[in-house]
Amino acid sequence: MASAFLRLTVAAVIGVDAATVPANVRLFFSGYAEGSSNNKYLEIYNAGTESANLGDWAFPTVSNGPATPGVYEFWNIFTAGAVLEPGKVYVIAHGSAAQKILDVTNQTYTYLSNGDDGVKLAYGTEADHVYVDAVGDFQADPGTGWDICGEVAGTVDHTLVRKTSVTAGNPDWDASRGTTADNCEWVVYPKDEWKYVGVHQVGGGGKNVTTPTEAVLNCSTASPVSISEVQGNASTSPMVGEVVVLKGVVTADLQGTYGGFFMQEIDGGDNDSSTSDGIYVADGSVVVSQGDLVVVRGMVKENYEETQLVAVSAIDVCGKAPLPMPYFLDILPTRDTSKTILEPLEGMLIMLSPVMVTDTYNLARYGEMTLSSGWNPVASQVFDPLSKEHAEMYDLYRDTLMLDDANPSQNPDPVPYPGTGMTYDSYIRTGDTLTNVTGPLSYAFSLYKIQKTPGFPAPAVQHTNPREETPPDVKGRLRIAGFNVLNYFNGDNPGVAFSDRLNRGASNADEFAKQRKKTLSAIAPVDAAVVGLLEIENDGFGLGSAVQDIVDGLKAATAPLTYTPVTFNVTDGKIGTDAIANAIIYQPKLVSVVGQAILDSSVDPMFRSINRPTLAVTFKEVSSGNEFTVVVNHLKSKGSSCVACCADPDSTFVGNCNGVRTNATKAMGKWLKTHPTGSTTDDILIIGDLNAHHYETPIQTLITEFGYVDMIDKFTSKETSSSYVYKGLASYLDHALASSTLMRNITMVMAWKINADENRALDYNTEYKSASQVTSLYNDGPFRSSDHDPIIIGLYLPLVVPEQVTPVATTMAPVATTMAPVASTRSPTVATTTVAPVAAAMAPVATTMAPGSVTVTKVKGTMALDVPSCKAFTQRTGAVGAVAAGIANATGVDVKSLEVALTCSRRLTSEGLFARRLEAVNGAYEITVPEGSATITADSVGSAITTAGSDGLTRKIAAAMTAVGITDIAVKVTSISTPTVSTFKAEVAATTTKAGSQTEVAATTTKATSSTASMQASSLALAVLFSAVAFASV
């Protein structure tokens, strides 16, 4: 009898047949809001003792008056898999509601009530269900809204909270809403009162019993739990959903930007390294300041995997407290250890040792930069994508922290870094170093962030990757360059209008004028004989075309350069069907065109039309008659998929369309073997954006199957070289691949670092910039003229034309001459030489040397050196000569036949891959082996270097440095390459040399004397010949 009475009582309260609802599950609406804009929500509470599977529940609605009175119009279900635990709430909110609402939201739903739309809570299926609770009804349109608790139209522009005395739902809306504040089941609050959302409590028995969020809180009576207890030692808090009181000092006041603040325990917290002592409080209702000691009541929530205190109902400021000492990170963790190391620091103040900036892409848009303890090349540039090392490499990167400006707004003005704000001249580049980085550690969207915090020193920028104001010296007689001109579209006639959907470049004439100036300022100083242009509008070569526009601009430059575009016999002057194409321009005074050809799918179906057609042009050098072929490419990108077009599977290792690019380079290799330009030369240079890295199959196909050599790797190494930065990873997609016959005539290959390391806000675009930034972030100079760095190749050693000697006819008395020491770039010192007296009377003699060539043998190699400061070392007088002298001493060669180049770079470390950035020096040497020597040969030189090894060369160089007075710099050779040998013909220009009495030869350190004029002439001719060979690379 007692159980039957209980069942009847429960049924009466719930309003349905209790047998149809699980006995220990009691769901009802605990909150409702219809506020300004889209600030709407429904809150459902589980007052039972068992979890509710919300897949068995629904919240059907009607819009205004239903079509059929008493029948719902829309059957709305909960998110799949949702479960509501006992004592917890489930919040459904509009997707554009205020952040404080969304912080506690479990599900978004667009069509929540406007005050006159009824909603009910139903258990069961759409075909068989019962109603458990209601806000509004399904009978008729109430007009503006329903009256509730004596409030006219209280369901509009109000927040409703269920009284704590209500322990179950009530499907009888009229009974639930009552007629007065006393006989209704709700408390009516003003519009946009949201502090009750996300937490609810039942019990207390009276109609006005408050929820915990309304209780008074002050410093003297608060009984806080520790922040570390809330954080726990796992990735999520053990107290999610609980209302807690916390006490701590405000470490970062971000209420003016993010609407919250960070707080941290005082007195060192719990001294447990596995738990954090800090937390973010998502509330701005009570003004707090850095250094305030506060107590806060709110609900614990994991917001995008960051533990936060939300739904804050009370804050009391207790006074001031000293800030805790920031936790010092001397090195950022690797990717595979970041969660373990950084999670226990979430919400706490941290301080970083100097770190490298590896990505500034979103600096001007969102005020954030990626930081790293080390430089991060793309893995497939260093290792085979199928290798174990490649798989492990990304895990070992230390780019695990982002510096944020603590402001969610877009397009900040000023841009927060560096210093007081970025301008064109006050810049920050990838590869630069930041010091004084201090702030609270946060986590959002799978990223750990350190927030820029008022009250701490601003991060300071050290330009460890300074701008290169002039192009690198690649030494050759000719320079070849590959330039990506970043969608250079110059407007209609014959191209497309700036407003046309096919336009990929400047949005209007003003933007294009800026782009044009930057592009020309980058191309002109290189003074290349041949320039390959990528991403240029595909509108032919004639008057008004984009290519001709660049040519015209170069002719009008401060130092005019006369270029001509290479034209191709194609329909409408367009190469391929894409909006952009490749193009080639050249200087006729330096080279002439021998022949040209195009590779596309009509030539070889393996070369898919999704690639831009490849251009090959054979040129002849005007001064020598040498022929060489330049091949310009822009293959399919790694972005969009090639599955549908080409059955090429997507790849997370090397990007999409790798098969398409591999087939393209295979087709290219076969095509070039046919000499498609009509020239028989095998001297071929492949340049352009192949959209592939060194160890990816498109590049390896050209290397292993067709014998091409990666000249960037040869001269500057694939581990350290880059011409493009994407998501913090540096690489070179822009290549210089030489045939084996051309390789020996290439003097140097380098990227001019003007684009990839620069922030994109410095380009010509005006979007996302304030009026002042349009001016302050722009300059006509070359920096950020594109997103790829140009690649510059030096070709052919300079021709040596011996100095003309003026004839002298005189009779001179015996003379003894002492020659003073002469400083040389090849040798630290040159000993003085005393020449014995010679008395002779000599008539002028004329000697003519016919043009010709000599055989030159060179031994080349590279080495890596560690020094305290690369810049200080390479700019130190005598340093280059000391390195040359050390190599000369190790090999036995004359230092005058040796040339050394030293450059600063970033590279891997031997311990912990990419663990730190070292002050590293890249050294390249080139030794000219004397012809006919029995003791100094290419084999003996190479063997001596290999035998000396890193330690031996270190000692030799150190001794040479001491000899010239450099004793304050410690140098260590860390690695040497295997020396390579090349033999080739060097041209000697035709000259007529006149000799007279006591004639001096500038290339020697002693005087040549003879008793007969014919002997002197012969000696002079030999000296000139030696000069042409030994110093051909000066």
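The values are calculated or read from the model by the stated rules, or taken from the named source; none is laboratory data. Since the model is a prediction, treat every value here as computed from it, not as a measurement. With ideal geometry, Cβ positions are generated from the backbone for all residues, glycine too; neighbour counts draw on all protein chains shown.
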Hey, can you tell me all the residues within the range 477-516 that are buried (at least 23 other Cβ atoms within 10 Å of the Cβ), over 28 Å from the mean Cα position of the chain (by Cα) and aliphatic (A, V, I, L, M)?
Leu478
Which listed residue is in a loop (DSSP other than H, G, I, E, B) and within 29 Å of the chain's Cα centre (by Cα), from Phe653, Phe607
Phe653
Those residues of the range 641-658 which are surrounded by fewer than 20 Cβ atoms within 10 Å (Cβ to Cβ) and among the polar types (S, T, N, Q) amount to Ser641, Ser651, Thr652
Considering only the range 69-93, state which residues are aliphatic (A, V, I, L, M) and either closer than 21 Å to Glu126 by Cα or at pLDDT 95 or above (or both).
Val71, Ile77, Ala80, Ala82, Val83, Leu84, Val91, Ile92, Ala93
Give the residue that is farthest from the chain's Cα centre (by Cα), with candidates limited to residues of the range 444-457 that are part of a loop (DSSP other than H, G, I, E, B) and surrounded by fewer than 17 Cβ atoms within 10 Å (Cβ to Cβ).
Gly455
For the range 774-822, give me each residue that is modelled with pLDDT of 95 or more, within 30 Å of Arg744 (Cα to Cα) and among the aliphatic types (A, V, I, L, M).
Ile791, Ile792, Ile793, Leu795
Within the range 144-185, take every residue that is hydrophobic (A, V, I, L, M, F, W, C) and in contact (Cβ under 8 Å) with a residue 60 or more places away in the chain and give me the one that is surrounded by the most Cβ atoms within 10 Å (Cβ to Cβ).
Leu160
For Thr438, indicate whether it is out of contact with any Phe, Trp or Tyr (no Cβ under 6 Å at 6 or more places or on another chain), of a type in the set (S, T, N, Q) and in the same structural domain as Gly374 (by TED's automatic domain parsing).
no
Could we say that Tyr111 is part of a loop (DSSP other than H, G, I, E, B), surrounded by 16 or more Cβ atoms within 10 Å (Cβ to Cβ) and in the same structural domain as Ser37 (by TED's automatic domain parsing) here?
no
Could you give me the residue pairs with C-beta distances under 9 Å whose first residue belongs to the range 505-534 and is closer than 13 Å to Gly553 by Cβ, whose second residue is among the acidic types (Asp, Glu) and in a helix (DSSP H, G or I) wherever it lies, and which are 6+ apart or on separate chains?
Arg516/Asp549
Within the range 745-782, take every residue that is under 27 Å from Thr433 (Cβ atoms) and of a type in the set (S, T, N, Q) and give me the one that is surrounded by the fewest Cβ atoms within 10 Å (Cβ to Cβ).
Asn779
Quick one: would you say Thr125 is in contact with a His (Cβ under 7 Å, 6 or more places away or on another chain) and without any contact (Cβ under 8 Å) to a residue 24 or more places away in the chain?
no
Would you mind finding the one in Gly505, Gly482 that is assigned to a loop (DSSP other than H, G, I, E, B), under 15 Å from Ser786 (Cα atoms) and touching a strand residue (DSSP E or B) at 6+ places or on another chain (Cβ under 6 Å)?
Gly505
Any residue at all in the range 551-564 that's touching a Pro at 6+ places or on another chain (Cβ under 9 Å), under 21 Å from Ile480 (Cα atoms), assigned to a strand (DSSP E or B) and at pLDDT 95 or above?
yes
Within the range 262-273, is there a residue that is within 28 Å of Val187 (Cα to Cα) and either among the charged types (D, E, K, R) or not assigned by TED's automatic domain parsing to the domain that holds Asn436 (or both)?
no
For the range 374-408, what are the residues that are hydroxyl-bearing (Ser, Thr, Tyr) and in contact with a Pro (Cβ under 6 Å, 6 or more places away or on another chain)?
Thr400
Please verify whether Ala321 is over 16 Å from Arg398 (Cα atoms) and surrounded by 21 or more Cβ atoms within 10 Å (Cβ to Cβ), treating the condition exactly as stated.
no
